[in-house]
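Down below is the structure, laid out as structure tokens.
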Amino acid sequence: MSAPLEDVRVLEVDSFMAAPSAAAILADMGADVVKIEPVTGDPMRGLSRPLRVESKFADYDLQFDVDNRGKRSAAIALDKPEGRDLAQRLAQDADVFLCNLLAQRQQRFGLDPETLFAIKPNLVHATLTGYGTTGPDAWRPGYDVTAFFGRSGLYDAMREGEDGIVPMARPAQGDHTTGLALVAAILAALRLAEKTGVGQLVETSLYETAVWTQASDFGVTAIDKAPVRRRARHELLTPMTNRYPCGDGKWAVLNMLDSGAWERLCRAVGREDWLADERYATGRDRYKHMAELVDGIDATLATKTRDEWGAIFDEQGLIWGPVLGLHEVVEDPHANAIGLFPELRHPELGTYRTVNAPMRFKSADVRPRGPAPAMGEHTEQILREAGLSQPEIQDLRNDGIVN
């Protein structure tokens, strides 16, 4: 099988997780992704969460690996004129230029759209930033916890009740979601560039993507401009859409809106008496008595484990899901059946598991293609492909322009 992007070259100038995650997916699709990083390396290197077990991968940067797998690395000092010249030279052979540089830094390094379109007129120039390249806060650096979760309203909307504390996201949730948005934009732009021969400028931001993930809320809030109602567990609209702790301390979440769900829920938890109780006769009645219903379901579910209740819920046709820990997801039979955690092989350390991008192709070769490169691992190879001689490369290395 062929890969969808096997004839596409991507030149990537970025750091940390959001834009690199988009480039990693393009590499999964077969693109030749050349990552330009500083001669000191992407600052994300070395920040991986440590393993909690003994492993030969204890000193390997697994989090960096996820967002940089299958790429080639060239370490180039873009803050020096010779480094800028090299980057522009590499752009001549690229189909996509992908970066997370703010507009002023793009201009400083000679990597802004106007400059690169003059070098490669049909280039796809793709930018991912915190807040976009226009508007009063285009200058502002942004991470997912600030731009994606904070300013977008997502953290506030996720608080438990009106006085709940602001939650904390896991690493790179907003980054990876925004990376998917950029991938979609790049694929459409490649199609346009192929059809028209004209370069395409595309961008997205953590802020915009986070707002889109809440479009169901914003469709209303954009009109009424009212604060979102944050409901605690005992204040939700129906007991059929809630999350409940089980006897082993693990949780299950229910999500049922059809009229027959109330009867199925009562039978599942052994409370058929509720079906004849006038206090719970209608949805409005149940809403008025939500606190006592939630307490009653909590008490019942405390008598069995989550997995025991899961079998009962399935038997009664409830729509539910286990609230799994990350360590449980890795061993989830369904996750492994769909290949969510494929194996990669490191040339020195051997095989290890990684995470698939959330898309599968039946008749195309889309998969993680190898580990992340070492910093500057392919500098010489990439510069030779660009036409530089060995003495020229050595001079650049001696001058600290490349590593």
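Among the residues of region 192-214, write down those that are surrounded by 14 or more Cβ atoms within 10 Å (Cβ to Cβ) and either among the small types (Gly, Ala, Ser) or in a loop (DSSP other than H, G, I, E, B) (or both).
Matches in region 192-214: Ala193, Gly199, Ser205, Ala210, Gln214.
Looking for something touching a strand residue (DSSP E or B) at 6+ places or on another chain (Cβ under 7 Å) and of a type in the set (Val, Ile, Thr) - is there at least one such residue anywhere in region 328-338?
No - not one qualifying residue is present in region 328-338.
I'm trying to understand the selection: among the residues of region 1-25, which are over 14 Å from the mean Cα position of the chain (by Cα) and not small (Gly, Ala, Ser)?
Met1, Pro4, Leu5, Glu6, Asp7, Val8, Arg9, Val10, Leu11, Glu12, Val13, Asp14
Scan (1) crowded, with 19+ Cβ neighbours inside 10 Å; (2) over 22 Å from Glu380 (Cα atoms) for the single condition Val39 breaks and write down its number.
(2)
Can you tell me how many residues within region 42-60 are buried (at least 19 other Cβ atoms within 10 Å of the Cβ) and touching a residue at least 40 places away in the same chain (Cβ under 8 Å)?
Total satisfying the criteria: 1.
Counting only residues that are farther than 17 Å from Val13 by Cα and in contact (Cβ under 8 Å) with a residue 40 or more places away in the chain, which one in region 115-141 is surrounded by the fewest Cβ atoms within 10 Å (Cβ to Cβ)?
Only one residue fits best here, namely Pro121.
So is Glu292 modelled with pLDDT of 95 or more, within 30 Å of Ile165 (Cβ to Cβ) and over 37 Å from the mean Cα position of the chain (by Cα) or not?
When the stated conditions are applied, Glu292 passes them.
Would you point out the residue of region 41-84, among those that are over 22 Å from the mean Cα position of the chain (by Cα) and of a type in the set (Val, Ile, Thr), that is farthest from Val13 (Cα to Cα)?
Val53
Could you check Ala364 against (1) over 19 Å from the mean Cα position of the chain (by Cα); (2) of a type outside the set (S, T, N, Q); (3) farther than 20 Å from Pro4 by Cα and say which number it fails?
(3)
Hey, can you tell me all the residues within region 263-288 that are surrounded by 15 or more Cβ atoms within 10 Å (Cβ to Cβ), of a type outside the set (D, E, K, R) and touching a helix residue (DSSP H, G or I) at 6+ places or on another chain (Cβ under 7 Å)?
Within region 263-288, Cys266, Ala268, Val269, Trp274, Tyr280 meet the criteria.
So, in region 147-171, exactly how many residues are surrounded by fewer than 14 Cβ atoms within 10 Å (Cβ to Cβ) and modelled with pLDDT of 95 or more?
Total meeting the criteria: 0.
Having 1 or more residues that are over 30 Å from Val269 (Cβ atoms), free of Cβ contacts under 8 Å to residues at least 60 places away in the same chain and acidic (Asp, Glu) is the bar; report the helices (runs of 4 or more DSSP H) wholly within region 309-403 that clear it.
Qualifying helices (runs of 4 or more DSSP H): 379-385, 390-398.
Considering each of Asp144, Asp95, Asp85 in turn, give the residue that is farther than 26 Å from Pro227 by Cα, among the acidic types (Asp, Glu) and crowded, with 18+ Cβ neighbours inside 10 Å.
None of the other options fit; the residue is Asp95.
Among the residues of region 215-237, are any assigned to a strand (DSSP E or B) and either over 28 Å from Tyr143 (Cβ atoms) or acidic (Asp, Glu) (or both)?
For region 215-237, residues assigned to a strand (DSSP E or B) and either over 28 Å from Tyr143 (Cβ atoms) or acidic (Asp, Glu) (or both): absent.
Could you list all residues from region 273-300 that are within 12 Å of Trp262 (Cα to Cα), part of a loop (DSSP other than H, G, I, E, B) and not small (Gly, Ala, Ser)?
Thr282
The values are calculated or read from the model by the stated rules, or taken from the named source; none is laboratory data. Bear in mind that the values here come from a model prediction, so they are computed numbers and not experimental data. Don't worry about glycine lacking a Cβ; one is built from the backbone with ideal geometry, like all the others, and counts go over all protein chains shown.
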